[in-house]
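Here is the structure we will look at, set down as structure tokens.
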Amino acid sequence: MNNKRLYYYIIILLLINLFLVGFFLMRSHVAPPHKSPETIIIKKLQFDKIQQKEYHTLVLQHQKDIRVQEDSLRFFKNALYKTLQNNDTLTKEALLQNINNIHEAIEHIHYQHFLAIKSLCKPNQLSDFNAFTEEIAKLFAPHRKPR
């Protein structure tokens with residue numbers, strides 16, 4: 001009876017160890033942490049130190065420009081949803097048009113930002129930039145958490 005109990009504990013401990021080993025092996029297959037777009041672009045385009053500094057300046061300006069548009073977007077969306085209280089169709093349509101205009105402006109800002117990045121590239125980096133343009137939409141799409 002004593003040996004049976006010992007074997008029982010050994011089997012339980014063995015199963016726990018197998019579970020833990022499996023857990024840690026599965027965790028190692030999880031995607032690496034998300035790199036910032038800035039880091040990805042610098043690496044893909046192989047920017048030197050001077051280009052990186054200029055690029056960082058572009059990024060700061062881009063973020064500032066986008067923040068202004070997002071603040072406006074938030075304002076108009078709040079105003080839009082307030083029209084639910086009184087069913088004001090004319091105001092709703094005007095607000096929707098403003099929201100659409102802001103989305104268009106945001107896309108224009110993004111496009112101009114990438115033109116500015118392209119202008120930072122040296123002639124030997126333009127092929128890398130052109131290859132990168134095929135990844136831009138995927139890179140900057142909203143990231144969804146896996147289910």
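The values are calculated or read from the model by the stated rules, or taken from the named source; none is laboratory data. Everything quoted here is computed from the prediction, not taken from an experiment. Neighbour counts run over all protein chains shown; Cβ positions are idealised from the backbone, glycine included. These accessible areas exclude ligands, DNA and RNA; they are computed on the full protein's heavy atoms, side chains included. Shrake-Rupley method; radii C 1.70, N 1.55, O 1.52, S 1.80 Å.
Once you charge only the Cβ atoms, +1 for Lys and Arg and -1 for Asp and Glu, what is the size of the charge dipole of segment 1-110 about its Cα centre, to the nearest 20 debye? Can you show the working numbers first?
Numbers: 14 positive and 10 negative charges, 175 e Å.
That gives segment 1-110 a dipole magnitude of about 840 debye.
For Lys43 and Gln85, calculate 0.36 nm times their separation in residues minus their Cα-Cα distance, and state this gained length in nm to one decimal.
10.1 nm
Ignoring ligands, DNA and RNA, please state the percent of accessible area on segment 1-114 from carbon and sulfur, probe 1.4 Å.
Reported share for carbon and sulfur atoms: 62 percent.
Please compute the per residue accessible area over segment 20-127 with all protein chains in place, 1.4 Å probe, rounded to a whole number of Å².
Averaged over the residues of segment 20-127, the accessible area is 75 Å².
What are the equivalent ellipsoid semi-axes of segment 1-90, built from the alpha-carbon gyration tensor (square roots of five times its eigenvalues), in whole angstrom, biggest first?
55, 31, 8
What is the extension gain from Ser119 to Lys77, computed as 0.36 nm multiplied by their sequence separation minus the C-alpha to C-alpha distance, in nm to one decimal?
So the extension gain works out to 11.6 nm.
To the nearest 10 degrees, how steeply does helix 49-82 sit against the main Cα axis of the chain, on a 0 to 90 scale?
Roughly 80 degrees, rounded to the nearest 10.
Arrange the peptides 127-139, 43-55 so that the one whose residues have, on average, the most other Cβ atoms within 10 Å appears first.
43-55, 127-139
Given R₀ = 25 Å, FRET efficiency for Thr133-Lys64 by Cβ-Cβ distance, to 0.05?
E between Thr133 and Lys64, to the nearest 0.05, is 0.55.
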